[in-house]
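First the structure, in the form of C-alpha cells, and then the observations on it.
Taken together, the values in this text are just the output of simple stated rules run on the coordinates, not laboratory data. The model shown is predicted, which means the values in this text are computed figures rather than measured ones. Here the Cβ positions follow ideal geometry from the backbone for every residue, glycine too, while neighbour counts run over all protein chains shown.
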Amino acid sequence: MNILADERSKQNLGRITKVTLQNGRLAGVVTDSILFAWEALTPGTQFEGCEIEVRETPLVLRCFSCKHEFEADSAMLAECPECGQEIGHAVVSGREFLIENVEVEDESPDSDGGS
C-alpha cells in the first residue's frame, strides 16, 4: 500500500479504484492472505472501496537438456514432458510478486467544450 500511495502522490493521480497484482507460484505469498489483509487494512484510508485483483502466475520452467518450456507444480523435481529430464531446470516465471496494473478515477473536469 505504501508503494501505491507514494506513486499516487508522485504522479498526482486521482483516486485509485482498482489494483491488479501478479503473484507467482514461487513468490511465497498466499493469495488469500493478500485479499484478507487488503480488506482489513483499507477501510478509513485512501484505498477504501478500491478493488483488488490477484493474478496467480504459474511456474514455468526451461528444461536443462532440451530447452523446452513447460508448466510445473514444483521447481525441485519436475519431469520435462519432451525429454524426461527431471532436475536442473531454469525458472522462467513464477517468482514474481508485483503490481501489474492500477486503475485511477479521472478527477479532471469534464471537457464538454461548454462555455
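Values computed for the structure shown
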{"read-out": "Leading residue at positive end of dipole, the chain (Cβ point charges), from Cys80, Ser33, Leu13", "value": "Cys80"}
{"read-out": "Estimated dipole of the chain in Debye, rounded to 20 [Cβ of Lys and Arg +1, of Asp and Glu -1, Cα centre]", "value": "480"}
{"read-out": "Segment Gln85-Glu69, extension gain: residue separation times 0.36 nm, minus the distance between their alpha carbons", "value": "4.5 nm"}
{"read-out": "Contact order relative to length of region 6-84, as percent, for alpha carbon pairs under 8 angstrom and 6 or more apart", "value": "28"}
{"read-out": "Environment charge of Trp38, counting only residues whose C-beta is closer than 13 Å and scoring Lys/Arg +1, Asp/Glu -1", "value": "-4"}
{"read-out": "Glu48 versus Arg15: modelled label distance in nm, points set 7 Å from Cα along the beta carbon direction", "value": "1.0"}
{"read-out": "Gain in span if fully extended, Glu56 to Met76, counting 0.36 nm per residue against the direct Cα distance", "value": "5.3 nm"}
{"read-out": "√(5λ) per eigenvalue of the Cα gyration tensor, the chain, largest first, Å", "value": "40, 17, 10"}
{"read-out": "Across the chain: Cys residues that no other cysteine approaches within a C-beta distance under 4.7 Å", "value": "Cys50"}
